[in-house]
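Structure record follows, encoded as structure tokens.
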């Protein structure tokens, strides 16, 4: 299987909300964001695989760190196209290593006792992903970096919370976190520069899908330990279409002025 096909298959098999946003891209950028997403998926799966012991996970993640610095024998097929991203875009090995460090936190840490600690984790597993993504999307205004950081901060999965008690205290806590997330989504949207709205369409599609998922969880009293919350393909297509319609509507208004 070709490396490009491998990245596409990994992305397709994941059924991810992120992957669905790639419909707003075309050509080389779509291929490259698919490669980057496949990289994120592979290293995340290493940390989440309960069949691997902790040392095996650390060793395999260390191998991915090594692959960012240069080719070595028997490296994964995906390693070379990931390195090619470094020469194509303003992406450094350190930016990708930050994501690996976040995944390593999943291996070693299960509880965060302070908001500041959680923010560090969210930066590494979410904001760092956003900062790489916008380099592939392409942007003009540096303010997009602030947009990417705030938008990504709460895109960690609901199953990261484990062994919780879903009583009234839990619901109150989740409502507080949901309000915090909604505030960050709004802040991120306000930070998006007008000249970069076209290139950031994939990010806006991601935002709308994740926001819809968050609201569904809230309406259902956050029964995250009982069910797996998902949006159907039709629902995802609807949110993608809504963002595309919003973009072209705003564009037509600007050109008619």
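The values are calculated or read from the model by the stated rules, or taken from the named source; none is laboratory data. Just so it is clear, the structure is predicted and the values come from calculations on it, not from any experiment. Glycine gets a Cβ as well: all are built from the backbone with ideal geometry, and neighbour counts include every protein chain shown.
Screening residue 178 against (1) more than 27 Å from residue 37 (Cβ to Cβ); (2) in a helix (DSSP H, G or I); (3) touching a residue at least 12 places away in the same chain (Cβ under 8 Å) leaves a single unmet condition, (1). Here is the figure for the range 127-145: residues that are at pLDDT 85 or above and part of a helix (DSSP H, G or I) total 11.
Condition check ((1) over 22 Å from residue 24 (Cβ atoms); (2) exposed (fewer than 15 other Cβ atoms within 10 Å of the Cβ); (3) at pLDDT below 75) across all residues:
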site: 162; (1), (2), (3): yes, yes, yes
site: 199; (1), (2), (3): no, no, no
site: 210; (1), (2), (3): no, no, no
site: 246; (1), (2), (3): no, yes, no
site: 251; (1), (2), (3): no, yes, yes
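Condition (residue is modelled with pLDDT of 85 or more, surrounded by fewer than 16 Cβ atoms within 10 Å (Cβ to Cβ) and out of contact with any helix residue (DSSP H, G or I) (no Cβ under 7 Å at 6 or more places or on another chain)) applied to the range 146-157: is it met by at least one residue? No, there is no match, as no residue in the range 146-157 is modelled with pLDDT of 85 or more, surrounded by fewer than 16 Cβ atoms within 10 Å (Cβ to Cβ) and out of contact with any helix residue (DSSP H, G or I) (no Cβ under 7 Å at 6 or more places or on another chain).
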